[in-house]
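**Student:** Please read through the structure below; I'll follow up with questions.
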Amino acid sequence: MKFNSLVIHGGIDGDKHTGSVTVPIYQTSTYSQEKVGQHKGYEYSRTGNPTREAAEKLIADLEGGYRGFAFGSGMAAISSVLMLFQSGDHIIFSDDVYGGTFRVVDKIFKNLGLEYSFVDTSDLDNITKHLKSNTKAIYIETPTNPLMKLTDIQGASVIAKENNLLLIVDNTFMTPYLQRPIALGADIVLHSATKYLGGHSDLVAGLVVVSNEGLANRMHFIQNAVGAILGPFDSWLLIKGIRTLAVRMDRHCENAKKIADWLTQQSWVKKVYYPGHGANPIKDQMRDYGGMISFELSDETHVEKLLSNLQTITLAESLGGVESLISVPAQMTHASIPPEIRERLGISNTLVRLSVGIEDVEDIIADLNLSDQ
Ligand SMILES: *Cc1c(COP(=O)(O)O)cnc(C)c1O
């Protein structure tokens, strides 16, 4: 099945008992057993739930992986993946990963003995330079949040394979519609499904897809042992969101392209970060450039002016919903990164991040047009 059909029919398509075209919400904690240990495949909903399983099979189909896992948030998914490692293991991370990823590594997993380096993975030499005898994984985001740096997934996978490391990719910004890391050599793909996959700003969820049976068994053990699962209703809501992923992403991409081009022509915009701009051979790993744009305004008064005149766009954290959302990363999503590190990364106080929604693009541009106001 091709991708547009797979988002509609992938995973578990409907319900064979009743003919219902959507997967039922199995709002149950436990399952009756005929005899001790004799059951229909489900014992307890932390271990397995049919609605969650439908969401998990769907994301595994879309990412082209071996098995999927659904968690209560993106951070629960990320934390569960990091539990694959042990005290004394070392992981190389992209340096401008999602702020919450930096925080959980630096404030929680560090205390459990995890060693780490945050490096600019857009230059693969930085990965090679930071390899240590105890390095066990490379963890990348591409494009990164909020500066849209690209990392060559296939190139990183070659380094990973040569050194017996796992390659983990946070694919939240792209979704499997635009980028499929497992086909490029990644071992684990993860998502904040709160964003484009859910797509309607009505859900917090996380997903993990692994490429082989061994990893699947280890991830399922962690999911069941730690228990950071996604509930049945939210699993159903997530499936409902994913069914329209392809059509939504097309519009996000189309609108973002127009807005990014328009922004480059405005005198009060100092710099535009958009993966579709500029000549970068790594762009070929993506089918299109997504709905995220960051831009630097010429001074802080422009930031205030921009945020005080919004009609269509909402000032809010998060991204990937049908509605356009704008944020100031230094004060919002990335506030947990120390100021000196933010400065070095280029996340200044005049940097604004826009999650382009699927409204009429003229309305979004009207909100951004400072020369009109
Ligand atoms: C939002 C986000 C996360 C965290 O996900 P939650 O669902 O908020 O827990 C992780 N990675 C990226 C790239 C994100 O945008």
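The values are calculated or read from the model by the stated rules, or taken from the named source; none is laboratory data. Everything quoted here is computed from the prediction, not taken from an experiment. Positions of Cβ are generated from backbone atoms using ideal geometry, with glycine treated the same way; all protein chains shown enter the neighbour counts. Ligands, DNA and RNA are stripped out before the accessible areas are found, and what is left, the full protein with its side chains, is counted by its heavy atoms. Shrake-Rupley method; radii C 1.70, N 1.55, O 1.52, S 1.80 Å.
**Student:** Hey, residue 248 hits all of (1) buried (at least 19 other Cβ atoms within 10 Å of the Cβ); (2) touching a helix residue (DSSP H, G or I) at 6+ places or on another chain (Cβ under 7 Å); (3) of a type in the set (D, E, K, R) but one; which does it fall short on?
**Tutor:** The number of the failed condition is (2).
**Student:** Mind listing just one residue for me: the one in the range 1-31 that is assigned to a helix (DSSP H, G or I) and without any contact (Cβ under 8 Å) to a residue 24 or more places away in the chain and, of those, nearest to residue 238 (Cα to Cα)?
**Tutor:** Here the answer is 9.
**Student:** Residue 238 - would you say it is touching a residue at least 60 places away in the same chain (Cβ under 8 Å), in contact with a Gly (Cβ under 7 Å, 6 or more places away or on another chain) and not in a loop (DSSP other than H, G, I, E, B)?
**Tutor:** yes
**Student:** Out of 87, 32, report the one residue that is open to solvent by 70 Å² or more (accessible area, probe 1.4 Å), among the small types (Gly, Ala, Ser) and in contact with a His (Cβ under 8 Å, 6 or more places away or on another chain).
**Tutor:** Only one candidate passes the filter, namely 32.
**Student:** OK, next. Is there a residue in the range 211-226 that is β-branched (Val, Ile, Thr) and more than 16 Å from the chain's Cα centre (by Cα)?
**Tutor:** Looking through the range 211-226, at least one residue is β-branched (Val, Ile, Thr) and more than 16 Å from the chain's Cα centre (by Cα).
**Student:** Can you tell me how many residues in the range 120-171 are more than 18 Å from the chain's Cα centre (by Cα) and assigned to a loop (DSSP other than H, G, I, E, B)?
**Tutor:** 10
**Student:** I've got another one for you. Going through the range 126-173 one residue at a time, which ones are open to solvent by less than 10 Å² (accessible area, probe 1.4 Å) and modelled with pLDDT under 95?
**Tutor:** 144, 145, 146
**Student:** Still on this structure, I have one more. Can you pull out every residue in the range 179-201 that is open to solvent by 10 Å² or more (accessible area, probe 1.4 Å) and within 15 Å of the ligand (Cβ to nearest atom)?
**Tutor:** Listed by number, the residues that qualify are 192, 194, 195, 200, 201.
**Student:** Of everything in the range 43-76, what is open to solvent by less than 10 Å² (accessible area, probe 1.4 Å) and assigned to a strand (DSSP E or B)? Give them in sequence order.
**Tutor:** Within the range 43-76, 68, 69, 70, 71 qualify.
**Student:** Is there a residue in the range 309-321 that is among the charged types (D, E, K, R), more than 30 Å from residue 184 (Cα to Cα) and part of a helix (DSSP H, G or I)?
**Tutor:** No, because not a single residue in the range 309-321 is among the charged types (D, E, K, R), more than 30 Å from residue 184 (Cα to Cα) and part of a helix (DSSP H, G or I).
**Student:** Checking residue 275 against (1) assigned to a loop (DSSP other than H, G, I, E, B); (2) more than 18 Å from residue 180 (Cβ to Cβ), only one condition comes out false. Which one?
**Tutor:** Going through (1) assigned to a loop (DSSP other than H, G, I, E, B); (2) more than 18 Å from residue 180 (Cβ to Cβ) one by one, residue 275 breaks only (2).
**Student:** Right, here's the next one. State which residue is modelled with the lowest pLDDT when the search covers only the range 327-348 and only residues that are open to solvent by less than 10 Å² (accessible area, probe 1.4 Å) and within 15 Å of the ligand (Cβ to nearest atom).
**Tutor:** Looking at the filtered set, the residue picked out is 337.
**Student:** Looking at the range 157-164, can you tell me whether even one residue there is under 15 Å from residue 283 (Cα atoms) and either aliphatic (A, V, I, L, M) or not assigned by TED's automatic domain parsing to the domain that holds residue 71 (or both)?
**Tutor:** Scanning the range 157-164, I find no residue that is under 15 Å from residue 283 (Cα atoms) and either aliphatic (A, V, I, L, M) or not assigned by TED's automatic domain parsing to the domain that holds residue 71 (or both), so the answer is no.
**Student:** Is it true that some residue in the range 202-209 is open to solvent by 10 Å² or more (accessible area, probe 1.4 Å) and either polar (S, T, N, Q) or assigned to a helix (DSSP H, G or I) (or both)?
**Tutor:** no
**Student:** What residue, among those in the range 306-320 that are within 28 Å of residue 371 (Cβ to Cβ) and open to solvent by less than 30 Å² (accessible area, probe 1.4 Å), is farthest from the ligand (Cβ to nearest atom)?
**Tutor:** Of everything passing the filter in the range 306-320, 306 is farthest from the ligand (Cβ to nearest atom).
**Student:** If a residue has to be without any contact (Cβ under 8 Å) to a residue 40 or more places away in the chain and either farther than 19 Å from residue 292 by Cα or away from the ligand (no atom under 15 Å from the Cβ) (or both) to count, how many in the range 166-178 make the cut?
**Tutor:** 1
**Student:** Take the conditions within 19 Å of residue 120 (Cα to Cα) and among the basic types (Lys, Arg) and apply them to residue 342. Does it pass?
**Tutor:** yes
**Student:** Which of the residues belonging to the range 279-293 are surrounded by 15 or more Cβ atoms within 10 Å (Cβ to Cβ) and either modelled with pLDDT under 90 or under 16 Å from residue 359 (Cα atoms) (or both)?
**Tutor:** 290, 291, 292, 293
**Student:** In the range 90-103, how many are open to solvent by 20 Å² or more (accessible area, probe 1.4 Å) and either more than 16 Å from the ligand (Cβ to nearest atom) or not charged (D, E, K, R) (or both)?
**Tutor:** 2
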